[in-house]
1. So in segment 102-146, with the set limited to residues that are among the small types (Gly, Ala, Ser) and crowded, with 21+ Cβ neighbours inside 10 Å, which one is farthest from the chain's Cα centre (by Cα)?
2. Name the pairs: first residue in segment 138-157 and within 17 Å of Ala192 (Cβ to Cβ) and hydroxyl-bearing (Ser, Thr, Tyr), second residue within 8 Å of the ligand (Cβ to nearest atom) and outside any strand (DSSP E or B), Cβ to Cβ under 6 Å, at least 6 apart or on different chains?
3. When you scan segment 97-169 for strands (runs of 3 or more DSSP E) that lie fully inside it, which ones turn up with 1 or more residues that are away from the ligand (no atom under 11 Å from the Cβ) and of a type outside the set (A, V, I, L, M)?
4. Could you check segment 304-332 and list, in sequence order, the residues that are buried (at least 16 other Cβ atoms within 10 Å of the Cβ) and more than 35 Å from the chain's Cα centre (by Cα)?
5. Check Lys356 against each of (1) over 13 Å from Pro288 (Cβ atoms); (2) at pLDDT below 90; (3) not small (Gly, Ala, Ser) and name the one condition it does not meet.
6. Output the residues belonging to segment 170-180 that are touching a residue at least 60 places away in the same chain (Cβ under 8 Å) and either assigned to a helix (DSSP H, G or I) or within 16 Å of the ligand (Cβ to nearest atom) (or both).
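The values are calculated or read from the model by the stated rules, or taken from the named source; none is laboratory data. Quantities reported herein were computed from a predicted structural model and do not represent experimental measurements. Cβ: placed from backbone, ideal geometry, glycine included. Neighbour counts: every protein chain shown.
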Amino acid sequence: MSVRRLADENVQPESFKFNRENSSVAKGWIKKYPKERKASAVIPLLMIAQEQEGWVTKASIEHVAGMLEIPYIRVLEVATFYTQFMLKPVGSRAHIQVCGTTPCMLRGSEKLMAVCKRRINQSQFETNEAGTLSWEEVECQGACVNAPMIMVAKDTYEDLTEERLEEILDAFEAGNGNDIKPGPQIDRIYSAPAGGMTTLQTEIVPSTARKSKAGKSEFKKQPSSATKPARPASHVSTTAPAVDTPVGKRKSAEAQQKEKAARAKAGTHSPKGRQAAAAPSLDDKNRPPQMQKPASADDLKRISGVGPKLEGVLNDLGIYTFAQIAKWKKAERDWVDGYLRFKGRIERDNWVKQAKELAKE
Ligand code: FES
């Protein structure tokens, strides 16, 4: 770690004072801690001072020490320890922090640093001639998935190329840095795969809706292979013919389905013989009372654990209001739990209590 010292006296301003807005923000931070622990606000206060001045001056360190009623050395040691604090003036319009840690380095951060050296200054922490830009190499900023990246103030600019970095530097140099949208600089949403979705492309439909007209089980159709990204060669389709594997012959999907049907008929869920919980009958006496769909049904999705699909299933069962659910007795709760194959989730999520409170509204 490099030695971090305060800037020379000749660049240090004589005094420092928080402006009115920052003063109240700083006092707010101090109030977050018990009186005898207000020294804990040292990092936020230094950060506010840096945002106001552009860097941490000696005068600001003295001012923060005074506000927190702690010795000057206690604040100085924090300011000189953490590399987030700039101890000398940096670019007035932007200080570019280029991540040089392994993922960013493997994806081209050295080329980004070469751009900074050419456009700003050969040396880190030195400004360009106009004093508007400066740069430094930093360690991982936590956006490795979109490497390589830079950080300016609190924003990250990711998936960079040399050309895009040049454009970003142009914008900051001209004072138009706010026009650049932070985040990925290519056509991707946050850290989603750059080439589009590669997983979770099959929508599983509820068991009650899974029968085709011919009575066969089916999944919803997936997008055609022409629009799907290529799958790895190791992927085995559920409709693929039987394939020999190192651990023996893999059964074809048809054979697996036959076996599953035979197990279901025999009342066993798996080869280990676990009992399948039969769904309760719709004619069961414990089925909760139904009602016709009212003019304005309650939004059952407000119950934690109920999503749009589940709301649809409940509506199919004639359940439309919080008041209905609030009245469910134990046997009725068990019936719904069994029907939805929830294994106790209704009790765990306490639907009845939730529904009672929502019904009061
Ligand atoms: S390695 Fe660059 S952000 Fe993590």
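1. In this case the residue turns out to be Ser134.
2. Listed by first residue and then by second, the contacts come to Thr156/Ala143; Thr156/Met149.
3. 133-138, 155-158
4. Leu317, Gln324, Trp328, Glu332
5. (2) is the only condition that Lys356 fails.
6. Hits for segment 170-180 are Phe172, Glu173, Gly177.
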